[in-house]
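Presented below is the structure to which this report refers.
The values are calculated or read from the model by the stated rules, or taken from the named source; none is laboratory data. This is a predicted model, so every value here is computed, not measured. A quick note on method: Cβ atoms are made from the backbone with ideal geometry, for glycine too, and the neighbour counts reach across all protein chains shown. Side chains included, ligands, DNA and RNA excluded: accessible areas come from the protein's heavy atoms. Shrake-Rupley method; radii C 1.70, N 1.55, O 1.52, S 1.80 Å.
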Amino acid sequence: MPLSPLLSIILSSLLLKSVIAGDGFCSAPSVIAAGSNSRPLYSKVTDPTLSPSHLEDLPGFTRSVYARDHALITPESHVFSPLPDWINTLGAYLITPAMGSHFAMYLVKMQENSISGLPPHDVERFVFVVQGTVTFTNATGISGKLVVDSYAYLPPNSEHSFKCDASATLAIIERRYAYVGSHITEQIVGSTDKQPLLETPGEVFELRKLLPTSTPYDFNIHIMDFQPGEFLNVKEVHYNQHGLLLLEGQGIYRLGKNWYPVQAGDVIWMAPFVPQWYAALGKTRSRYLLYKDVNRNPL
Ligand code: UGY
Ligand code: MN
């Protein structure tokens, strides 16, 4: 039987009230508030939402996963401890060869009077500033400040230091350099926003590469941007390995047969040939930093 006009007005105003009050409906955390632009760049990495609000108090809950061919290491699982050879600095190794990778990826927290140590012999280093400012000094004694979104690449066996006099968070990637012929790499300092957008045939995401693509470099760092709703067209399966830090946004990462909700601050290890696919969701841009080994014959 049709509702009388008066009854339906009363019912819809009650319904509206309960939506505004948030009662009577499943309520999800507001993605709009979470994506507000008033926070500094990449602040979700250093100040993450540890888990969906209805799960954050659940004892033992984590989204982290460690599998044979991939791992998702989420912020509530990050364990920081003093870094060997560094002064006054804490680090969390999130990807290491113990997982099967040929590289290491770790987060570093520096504070007043923090000083970096050097990587082992023949190991190259890539440093990306996620938060704060560090002073970088190279082998010739030349110094400069590195701010958020800037980075440095250090060839193997090159003297250098990073110092901090307030607070900084760095994402670091290191691997044993794969020498080929007489090629050598050079020190590089740059910032993401100065790197040109590259062609991505068949794909919609925006791509920047932070290192030269020439033969001496045995890896590159990609910065990949997706607007909400955009996704990888290729359901990738390839010989290269990846280390990924989600700098902004949220979405779904497919790894093998698993589908993971992910958000800024999450780190992912992808072994060679693990099927991989990403779709950006939410209300804000997704941006990730991606290690990829290149330019070497896999045999
Ligand atoms: O270049 C890549 O392999 C990149 N598109 N992979 C990824 O985003 N998982
Ligand atoms: Mn890939």
Report task. Determine if segment 120-131 includes at least one residue that is under 24 Å from Leu207 (Cα atoms), open to solvent by 30 Å² or more (accessible area, probe 1.4 Å) and touching a Ser or Thr at 6+ places or on another chain (Cβ under 7 Å). Result -> yes
Requested in this report: State yes or no: is Lys194 at pLDDT 95 or above, more than 10 Å from ligand 1 (Cβ to nearest atom), open to solvent by 30 Å² or more (accessible area, probe 1.4 Å) and not aromatic (Phe, Trp, Tyr)?
Outcome: yes
Query raised in the report: Looking at this structure, is Ala279 small (Gly, Ala, Ser), farther than 28 Å from Lys194 by Cβ and either within 18 Å of the chain's Cα centre (by Cα) or at pLDDT 95 or above (or both)?
Result: yes
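Residues in segment 261-299 that are touching a residue at least 12 places away in the same chain (Cβ under 8 Å) and more than 13 Å from ligand 1 (Cβ to nearest atom): how many?
Start the filter on segment 261-299 by keeping residues that are touching a residue at least 12 places away in the same chain (Cβ under 8 Å), which leaves 261-296, 298.
Then drop every residue that is not more than 13 Å from ligand 1 (Cβ to nearest atom), which leaves 261, 263-267, 281-285, 295-296, 298.
So the count comes out to 14.
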Query raised in the report: Which members of segment 58-106 meet the condition of being β-branched (Val, Ile, Thr) and either open to solvent by 20 Å² or more (accessible area, probe 1.4 Å) or closer than 17 Å to Lys44 by Cα (or both)?
Result: Thr62, Val65, Ile73, Thr74, Val79, Ile87, Thr96
Report task. Could you tell me whether any residue of segment 230-247 is surrounded by fewer than 13 Cβ atoms within 10 Å (Cβ to Cβ), more than 16 Å from ligand 1 (Cβ to nearest atom) and of a type in the set (Lys, Arg)? Result -> no
Query raised in the report: What strands (runs of 3 or more DSSP E) lie completely within segment 163-262 and have 2 or more residues being in contact with a strand residue (DSSP E or B) (Cβ under 8 Å, 6 or more places away or on another chain) and among the hydrophobic types (A, V, I, L, M, F, W, C)?
Result: 167-176, 188-191, 219-226, 242-248, 250-255
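Has segment 169-178 got any residue that is without any contact (Cβ under 8 Å) to a residue 60 or more places away in the chain and of a type in the set (Val, Ile, Thr)?
Looking for residues that are without any contact (Cβ under 8 Å) to a residue 60 or more places away in the chain and of a type in the set (Val, Ile, Thr), one finds none in segment 169-178, hence no.
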Requested in this report: Return yes or no: is Ala152 without any contact (Cβ under 8 Å) to a residue 60 or more places away in the chain and either within 24 Å of Tyr217 (Cα to Cα) or crowded, with 18+ Cβ neighbours inside 10 Å (or both)?
Outcome: yes
Requested in this report: For Gln187, indicate whether it is touching a Phe, Trp or Tyr at 6+ places or on another chain (Cβ under 8 Å) and either free of Cβ contacts under 8 Å to residues at least 40 places away in the same chain or more than 16 Å from ligand 2 (Cβ to nearest atom) (or both).
Outcome: yes
Query raised in the report: How many residues are more than 10 Å from ligand 2 (Cβ to nearest atom), farther than 20 Å from Leu211 by Cβ, part of a strand (DSSP E or B) and open to solvent by less than 50 Å² (accessible area, probe 1.4 Å) when one looks only at segment 270-299?
Result: 3
